[in-house]
Amino acid sequence: MPSTRRVLRRMATVINTQGLHCGEQFAAHGPMDQLDICAIAYTVAEDRPAPAVFFTNDVDSSALIEASEPAMAAIRAISAALDSEPCETDGRPDYIEHVSNWAATAPIGEHFPPSTSEVIGRILRAADNEPTSPRPGFTDAYGLCLTCGGHGTLMTDGEEIPYEELSPRRKQGHALGHRFHRNTSKACPDCDGQDRVTDAVISAHEATL
């Protein structure tokens, strides 16, 4: 499943190149079919063309979008980046209505809906607000490998000394970027024992982006 950050950034690219539909239904036919912002979230998240129902039926379109968790995650992220709160439908927040109406409706006191650049800017803000997963092969503040969780110890005669038990001088060296590795004779499936991730883990990580 694609990350929410990736879906949002892809949405921004699609809107920049193909424009945004702000009329009736979730899509409109033309020389290049244009989609509503929530319809774009669906097609990007599901990696598929716009279903025919997007051009004909609002209710069925909403149900289809709601059934896609990655699309709804992106839509909720955009909703959270807006200056207004979603209204409720059947006792729960209606994120699709909130985001679609924001992109297609002129704000109070204005004559036009948000410009394409404004929509893209808000989507990118939502993407920036999304938490990122740690890049494999990097270490945390204690020198622990974020890939496998190991390597945060100093080996002395085969004995592991936890960071908390290091001498003040060793801790100072650690703060300066020195890394304390586990015994590399213990095979690690995720990295080579020096915080360098294996090719297989890099491929698996990239597949989640």
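Annotations for the structure displayed:
- The single condition from (1) under 23 Å from the mean Cα position of the chain (by Cα); (2) open to solvent by 50 Å² or more (accessible area, probe 1.4 Å); (3) without any contact (Cβ under 8 Å) to a residue 40 or more places away in the chain that residue 88 fails is (1).
- Among the conditions (1) under 23 Å from residue 126 (Cα atoms); (2) part of a loop (DSSP other than H, G, I, E, B), residue 49 misses just one, which is (1).
- Test: residue in the stretch 57-70 that is open to solvent by less than 10 Å² (accessible area, probe 1.4 Å) and touching a residue at least 40 places away in the same chain (Cβ under 8 Å): no
- Residue in the stretch 91-104 that is open to solvent by 10 Å² or more (accessible area, probe 1.4 Å), part of a strand (DSSP E or B) and either of a type outside the set (Asp, Glu) or closer than 17 Å to residue 9 by Cβ (or both) present: yes
The values are calculated or read from the model by the stated rules, or taken from the named source; none is laboratory data. Owing to the predicted nature of the structure, the values given are computational and were not obtained by experimental measurement. Every residue, glycine as well, gets a Cβ built from its backbone with ideal geometry; the counts of neighbours run over all protein chains shown. Keep in mind that these areas ignore ligands, DNA and RNA; they rest on the heavy atoms of the full protein, side chains included. Shrake-Rupley method; radii C 1.70, N 1.55, O 1.52, S 1.80 Å.
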